[in-house]
Amino acid sequence: MLHIRTIVHPTDFSEAANEALQVARALARDHQAKLVLVAVPQLPPPPYKYPFPPGQTEYAADVQATRRRLDALAKSIVDIPVETAISTGPPGPAILTVASNHRADLIVMGTHGRTGVPRLLLGSVAEHVLRHAACPVLTIRPGTGGHLGHDVETGLGATRSTDLANPVRSL
Amino acid sequence: MLRIKTILHPTDFSESAEHALQLACSLARDHGSKLVLLTVPAPPLPSVETYIPEYELSQLMKESEQQLKSVADGIEDVSVETRVIAGEPGWAIVTAASDCQADLIVMGTHGRKGLSRLLMGSVAEHVLRHAPCPVLTVKPTGTLPKD
């Protein structure tokens, strides 16, 4: 059995991220891995400089809000061990820092995020992570997550061609 | 267990691809997947100065098929298919993924040309942008979960 011990899933709470999260969860379950959810609070628009000057309350509020959202997301996952991490700064490097700190065996993420610029075939954050990560990276384009369907027998979710109104029964 | 019916692994027999193949095999074993090995042979460029024998495309295809078959023979406990497609590698891989209804593509980030200054090869980049299914990219010298 493949020893995947830690899976890192960067999220911005978008639909695309959620699709990737479901795959990350399933993989973590199958390989008895720990799931680390990472969120990077949105940087305030320029001009800004590092480190943030003490008066930057707006950004601090955003960090708090992100932390709350991430904790809520983590709480909703009950079947596998979950950790959360908030990383600040430009998203790509911030995600990689967490991945390296946790010695990620695998990163699972969406190709696009909330800003979802449609003309870009690959989002810039995903691209950065792909190029620089030491471990394998699984990228999931919105709408393609269904390929990694759930096992019918365990009754977890629906297979890709089934709608939720008619759940597939195990044979 | 997460159901992954078909895994496509494109290879150019480089070290980077070998790395990705290991992961592809392990995943296929764990998830009961069929593994489709694909190679896209590149015809040698004719040199202007020296005379070299011309390769017929069919000859090249046959050699690639044999090379791929010997890789397939070395894989145990997994159902393996092989495919050889001539053409532009990125396009060929994406087309093959649709054709064999791949649920996952597992590939190296770099190929034999191995322009290491590039953080990711152009073929991997093309596949990432156009693949009909999730793509798992593996670095040639990165970390790999062990079996």
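The values are calculated or read from the model by the stated rules, or taken from the named source; none is laboratory data. Everything quoted here is computed from the prediction, not taken from an experiment. Quick reminder, even Gly has a Cβ in these numbers, built from the backbone with ideal geometry, and neighbours come from all protein chains shown.
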- [ ] State all residues of the range A:106-145 that are at negative phi, more than 10 Å from every other protein chain (Cβ to nearest Cβ) and assigned to a loop (DSSP other than H, G, I, E, B); if no residue qualifies, say none.
- [x] A:His112, A:Gly113, A:Arg114, A:Thr115, A:Val117, A:Pro118, A:Arg119, A:Gly123, A:Pro142
Open item on the list: Being within 21 Å of A:His132 (Cα to Cα), modelled with pLDDT under 95 and surrounded by 14 or more Cβ atoms within 10 Å (Cβ to Cβ) is true for just one of B:Leu60, B:Leu119. Which residue is that?
Closed with: B:Leu119
- [ ] May I ask you to say which residue of A:Ala72, A:Ala126, A:Ala94, A:Ala134 is of a type in the set (A, V, I, L, M), under 20 Å from B:Ala124 (Cβ atoms) and out of contact with any strand residue (DSSP E or B) (no Cβ under 7 Å at 6 or more places or on another chain)?
- [x] A:Ala134
- [ ] For the range A:84-96, indicate whether the set of residues that are modelled with pLDDT of 90 or more, outside any loop (DSSP other than H, G, I, E, B) and within 13 Å of chain B (Cβ to nearest Cβ) is non-empty.
- [x] yes
- [ ] Within the range A:66-86, count every residue that is over 30 Å from B:Ala24 (Cβ atoms), surrounded by 13 or more Cβ atoms within 10 Å (Cβ to Cβ) and not charged (D, E, K, R).
- [x] 6
Task: Residue match in the range A:146-157 (condition: modelled with pLDDT of 80 or more, at the interface with chain B (Cβ under 7 Å from one of its Cβ atoms) and surrounded by 14 or more Cβ atoms within 10 Å (Cβ to Cβ)) - done: yes
Task: Output for the range B:119-147, where each listed residue is charged (D, E, K, R), under 19 Å from A:Thr111 (Cβ atoms) and at the interface with chain A (Cβ under 7 Å from one of its Cβ atoms) - done: B:Arg129, B:Lys139
